[in-house]
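Right, one structure below, let's go through it.
The values are calculated or read from the model by the stated rules, or taken from the named source; none is laboratory data. Bear in mind the structure is a predicted one, so any value in this text is a computation, not a measurement. Cβ coordinates were reconstructed from backbone atoms using ideal geometry, including for glycine residues, and neighbour counts include every protein chain displayed. The accessibility values were calculated without ligands, DNA or RNA, using every heavy atom of the protein model including side chains. Shrake-Rupley method; radii C 1.70, N 1.55, O 1.52, S 1.80 Å.
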Amino acid sequence: MTDRATPEAGGDGPTWLDSGEKAAWTGLVSLIMLLPGRLEVPLQQAHGLTLFEYLTLSHLSEAPGRRLRMSELAFLTNGSLSRLSNVVKRLEGRGWMHRSPDPDDGRYTLAALTDAGFDVVHAAAPTHLRAVRALVLDRLDAADRAALSRIAVALGVQDLPPS
């Protein structure tokens, strides 16, 4: 659309995107929509894992004692508690995780990684890392990577990186 009705001009219609805004927006949408699938393919082929399953196992592997509250794990994986619960049930069935009440506050449930689950994520990590490097990091220079981090912070999807 080229008709740019704006509130400032007294118009009540939308403020249409200019060419630079449209390029930025469609680039972001493409990243959001296409990149997860491209990162998942090698995990599926080599390890039978979805990207969400891998991220669930990975976050647990990095947590103290290899356990986290389900609510925190849902936040870290960017999934709902319902979605996470379904995935954890599948991973429990494979013997890779288990759940238990939080001994510090029984209102919460802890998800814990088993040794078998750690072995799975440890084996899958190089596959994921190769995909992350090939699809993203190796295509960006240091300035691009820093800009991407700043953008994530500005959009509120990442905390400030450690300095």
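Checking ALA147 against (1) open to solvent by less than 40 Å² (accessible area, probe 1.4 Å); (2) within 17 Å of the chain's Cα centre (by Cα): exactly one of these is not met. Which one?
Answer for ALA147: the failing condition is (2).
Would you please name the residue that is farthest from ALA111 (Cα to Cα), looking only at residues in region 26-77 that are of a type in the set (Asp, Glu) and open to solvent by 70 Å² or more (accessible area, probe 1.4 Å)?
As a first pass, look at region 26-77 and keep what is of a type in the set (Asp, Glu): 40, 53, 62, 72.
After this cut, where a residue has to be open to solvent by 70 Å² or more (accessible area, probe 1.4 Å) as well, the list is 62, 72.
Numbers: GLU62: 13, GLU72: 10 Å.
Step by step, filter region 26-77, then rank; the result is GLU62.
Could you please find all residues in region 14-40 being under 17 Å from ARG139 (Cβ atoms) and among the polar types (S, T, N, Q)?
Passing the criteria: only SER30.
Test ASP159 against the stated conditions and say whether it is open to solvent by 50 Å² or more (accessible area, probe 1.4 Å), under 16 Å from the mean Cα position of the chain (by Cα) and of a type in the set (D, E, K, R).
Yes.
Output the residues belonging to region 95-124 that are within 27 Å of ALA46 (Cβ to Cβ) and without any contact (Cβ under 8 Å) to a residue 12 or more places away in the chain.
ASP115, ASP119
Within region 81-108, take every residue that is among the polar types (S, T, N, Q) and either open to solvent by 60 Å² or more (accessible area, probe 1.4 Å) or in contact with a Leu (Cβ under 8 Å, 6 or more places away or on another chain) (or both) and give me the one that is farthest from ASP119 (Cα to Cα).
Residues of region 81-108 that are among the polar types (S, T, N, Q), as a first pass: 82, 85-86, 100.
Filter again for either open to solvent by 60 Å² or more (accessible area, probe 1.4 Å) or in contact with a Leu (Cβ under 8 Å, 6 or more places away or on another chain) (or both), leaving 82, 86, 100.
Values: SER82: 26, ASN86: 21, SER100: 21 Å.
In this case the residue turns out to be SER82.
Could you go through region 73-87 and let me know if any residue there is over 19 Å from the mean Cα position of the chain (by Cα) and at positive phi. Can you show your working first?
Pass one, region 73-87, residues over 19 Å from the mean Cα position of the chain (by Cα): none.
No, every residue in region 73-87 fails to be over 19 Å from the mean Cα position of the chain (by Cα) and at positive phi.
Suppose the filter is open to solvent by 60 Å² or more (accessible area, probe 1.4 Å), modelled with pLDDT of 95 or more and among the hydrophobic types (A, V, I, L, M, F, W, C); does ALA23 pass it? Give the steps one after another, and end with the answer.
On the way: open to solvent by 60 Å² or more (accessible area, probe 1.4 Å): yes; modelled with pLDDT of 95 or more: yes; among the hydrophobic types (A, V, I, L, M, F, W, C): yes.
Taking the combined requirement at face value, the residue satisfies it.
I'd like the full set of residues that are among the small types (Gly, Ala, Ser) and more than 17 Å from ALA147 (Cβ to Cβ), limited to region 16-29. Break it down stepwise before answering.
Our first condition is that a residue be among the small types (Gly, Ala, Ser); within region 16-29, this holds for 19-20, 23-24, 27.
Within region 16-29, SER19 is the sole residue that qualifies.
So for region 71-93 (the condition being closer than 30 Å to ALA147 by Cα, in contact with a strand residue (DSSP E or B) (Cβ under 7 Å, 6 or more places away or on another chain) and of a type outside the set (Ser, Thr, Tyr)), does at least one residue qualify?
Checking region 71-93: at least one residue is closer than 30 Å to ALA147 by Cα, in contact with a strand residue (DSSP E or B) (Cβ under 7 Å, 6 or more places away or on another chain) and of a type outside the set (Ser, Thr, Tyr).
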